[in-house]
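The values are calculated or read from the model by the stated rules, or taken from the named source; none is laboratory data. Quick caveat, the model's predicted, so the values are computed rather than measured. All Cβ positions, glycine included, derive from the backbone under ideal geometry; neighbour counts span all protein chains shown. Side chains included, ligands, DNA and RNA excluded: accessible areas come from the protein's heavy atoms. Shrake-Rupley method; radii C 1.70, N 1.55, O 1.52, S 1.80 Å.
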Amino acid sequence: MPTGRESYGNGVPIVVMGVTPHQGERESRLQGKVEQVIRCNRSREVRRMRTAETILNIIRTRGQRGLPVEDVYRLLYNPDLYLRAYGKLNSNAGAMTPGATPETVDGMSLEKINTIIEALRYERYRWIPARRTYIPKKNGKSRPLGMPSWSDKLLQEVIRSILEAYYEPQFSEHSHGFRPKRGCHTALLEITQKGRATKWFIEGDISACFDRIDHTILLKILQEKIHDNRFIRLIKGLLDAGYLENWKYNSTYSGVPQGAVVSPILSNLVLDKLDKYVEHKLIPAYTRGLRRSVYPPYRTLTLAASKARKAGNLEEARKLSQQAQSIPSRDPNDPNFRRLWYTRYADDFLLGVVGSKSEAVEIKQKIATFLRDELKLELSEEKTLVTHARDEAAKFLGYEIHILHANDKHDQRGQRCINGSVGLRIPRSVINSHCTKYMRSGKAIHLAQRLSDDAYSIVSQYQAEYRGIAQYYRMAYNLHMLSKLKWVMELSLVKTLANKFKTTCQKIYKRYRATIETKDGTYKVLQVKVERDGKPPLITHFGGVCLQWNKWVKIDDNQTNYIWNGRSEVVQRLLANKCEICGATDNIEVHHIRKLADIKQKGRKERPEWMLKMSARKRKTLVVCRQCHEKIQYGRYDGDTLKT
């Protein structure tokens, strides 16, 4: 038997240290399998260590290129995506609201993330039915609202971030609802830019859109680009999870979960089909011509005025020019010129037609047919109206939208500059409805529910409500009409303060009247100043909001960037894996409270250490070990159970 290495031809060994050729082949195959397993484990480790931003940027790139994605389900194994989701959700008001189970954001830990990932890895994760409640609507009806458990919220936020990163670059530019860096004001801005010379408005509203979205259609849309059956099954399980109403289980056969984190992106996926239909079918079909032809009567008058002017008959030329200025310069009924534009926010959309009313009605019917046949949705006949753009006003996103017309408004060149422009105005009903909140029997009254607050809080709340309304209607040319609301709210504020301090309104004005300087000018306001030892005083005021219309004003909606980079403070503290009370490093959790006022209990002489730490940091979170968390929850630090 040979004892050394022998080779044949190209150097492939046939005998290695006494091993037969068959044994050598088996060992080579075994070694290849071992190397394959090592490479597979290494790739899994690389995927696990990738940051959330890296993953989302990769998915976004594929979305921009229109390429399908695979193995999306495996992305749910990455803990960094859950930490990112936790950093975004933990400060929400509903994070402390329980669903069908008592679980809330309180007690959040890395262990909980690992539990979710482990259940997903073996496809054992089950969605919990949401607890349903109802909130009132303006028309007297109620809107259902589902409250899922915390674990479901966390996983839904991870799914939402993945879907948003992939589909956001593919969504239509005419869609503005539930999208980053977009909102009501961007939709209204698009209308003012594209709606010039519109003849007819089509106000569209889909009847019970979010409740009637067909699950089969939604899953089919997802399957077009996401080639991952496990991920599709996970979404299907979410849609079929059902809800609890009065602790009775109800199945869901259609619609997206109301109140769920992932519902807006799912609804946008379905309604994007409507956007594409309007963009690729209707707009090309109802768009023709480069420019309207000159209106013959206008041409006749201008030529006659020119001849009279050359002949020296200036008075006749002036009269002819005035007549020409009272009629359109371009043919408003030019059959060779048509335009159609479209804007959508959630399930409400608005179309503008430069054409005849029959064409507007025809477009409305085509949209209704498409929704019924392709998406199994119904257009609301009650709310879907065809409105004359100049004589009437369409209602969209709380504004009244119409086409302006004023022959006496001229620019520096002497040309009419307003005709055909889109005008946005505040409906009188909106102003009256807001005034009603602070009035009774036609007079401003004090608000008894605010008497328990201090003067600083009362003035701050009135100012926040007034500024919010003024900021939303900043694009309306009749913004000055909010002065009526300001007067009613100011009188209600003064009466509330007078009732609180048992004095007269005149003395309240004398005590709090002040003058402030802003970038828009000087204003008289009601100002409250709270002095603090060793700290700058707290100052708030009511008023000082500019009500002068400026169509070029930049409205700051405080919208976040597309992909959030960096970790929030609470996530960094959680990853430090250290109890902020005792210093332990095992079983670390996050203790959450609803508001800091819960730990500022009046009449308490000494507060426990955990309260002092939260008050000093001005944070509603405290990273603690499980033992300290149990002591806090069961009142072993202060003798009283803290209700969170």
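Quick one: is S452 closer than 30 Å to Y509 by Cβ and either among the aliphatic types (A, V, I, L, M) or open to solvent by 50 Å² or more (accessible area, probe 1.4 Å) (or both)?
Answer is yes for this residue.
List the pairs whose first member sits in segment 616-638 and is small (G, A, S), whose second member is modelled with pLDDT under 80, and whose Cβ atoms are under 7 Å apart, counting only residues at least 6 apart or on separate chains?
Close Cβ pairs (under 7 Å, with a partner that is modelled with pLDDT under 80) amount to G635/T641; G635/L642.
Looking at segment 70-85, I want the residues that are free of Cβ contacts under 8 Å to residues at least 40 places away in the same chain and have a partner that is among the β-branched types (V, I, T) with Cβ atoms under 6 Å, at least 6 apart or on another chain. Which pairs are those?
Between residues of segment 70-85 that are free of Cβ contacts under 8 Å to residues at least 40 places away in the same chain and residues that are among the β-branched types (V, I, T), the close pairs are P79/I113; D80/T51.
Which condition breaks for R121 when tested against (1) under 18 Å from L56 (Cα atoms); (2) surrounded by fewer than 20 Cβ atoms within 10 Å (Cβ to Cβ); (3) basic (K, R)?
Against the list (1) under 18 Å from L56 (Cα atoms); (2) surrounded by fewer than 20 Cβ atoms within 10 Å (Cβ to Cβ); (3) basic (K, R), R121 comes up short only on (1).
When R450 is evaluated against the numbered criteria (1) basic (K, R); (2) farther than 18 Å from Q548 by Cα; (3) at pLDDT 95 or above, which criterion, by number, is the only one it fails?
Condition (3) is where R450 drops out.
Filter segment 77-95 down to the residues that are part of a loop (DSSP other than H, G, I, E, B) and not hydroxyl-bearing (S, T, Y) and list them by number.
Matches in segment 77-95: N78, N90, N92.
Take the residues in segment 126-168 that are aromatic (F, W, Y) and not in a loop (DSSP other than H, G, I, E, B), then tell me which one is farthest from I116 (Cα to Cα).
Selected residue: Y134.
Just the residues that are modelled with pLDDT of 85 or more and open to solvent by 40 Å² or more (accessible area, probe 1.4 Å), please, taken from segment 553-602.
Q572, L575, A576, N577, K578, T585, D586, N587
Restricting to segment 316-347, count the residues that are within 30 Å of R182 (Cβ to Cβ) and charged (D, E, K, R).
Residues meeting the conditions: 4.
Which of the residues belonging to segment 258-302 are open to solvent by less than 50 Å² (accessible area, probe 1.4 Å), outside any helix (DSSP H, G or I) and at pLDDT 90 or above?
V261, V262, Y286
For segment 471-480, which positions are buried (at least 17 other Cβ atoms within 10 Å of the Cβ) and either farther than 17 Å from S421 by Cβ or polar (S, T, N, Q) (or both)?
Within segment 471-480, Y472, Y473, R474, N478 meet the criteria.
Starting from residues that are open to solvent by less than 40 Å² (accessible area, probe 1.4 Å), assigned to a helix (DSSP H, G or I) and in contact with a Ser or Thr (Cβ under 9 Å, 6 or more places away or on another chain), keep the ones in segment 185-217 and report whichever is farthest from V353 (Cα to Cα).
Per the criteria, the residue is H215.
Can Y166 be described as within 30 Å of V105 (Cβ to Cβ), among the aromatic types (F, W, Y) and more than 19 Å from the chain's Cα centre (by Cα)?
Spelling it out, it is not the case that Y166 is within 30 Å of V105 (Cβ to Cβ), among the aromatic types (F, W, Y) and more than 19 Å from the chain's Cα centre (by Cα).
Go through (1) free of Cβ contacts under 8 Å to residues at least 60 places away in the same chain; (2) under 16 Å from S457 (Cα atoms); (3) open to solvent by 50 Å² or more (accessible area, probe 1.4 Å); (4) of a type outside the set (S, T, Y) and name the single condition E490 misses.
(3) is the only condition that E490 fails.
Which residues, taken from segment 78-118, are buried (at least 21 other Cβ atoms within 10 Å of the Cβ), among the hydroxyl-bearing types (S, T, Y) and closer than 19 Å to G146 by Cα?
Hits for segment 78-118: nothing passes.
Looking only at segment 228-257, which residues are open to solvent by 40 Å² or more (accessible area, probe 1.4 Å), within 15 Å of W127 (Cβ to Cβ) and part of a loop (DSSP other than H, G, I, E, B)?
Within segment 228-257, D240, S251 meet the criteria.
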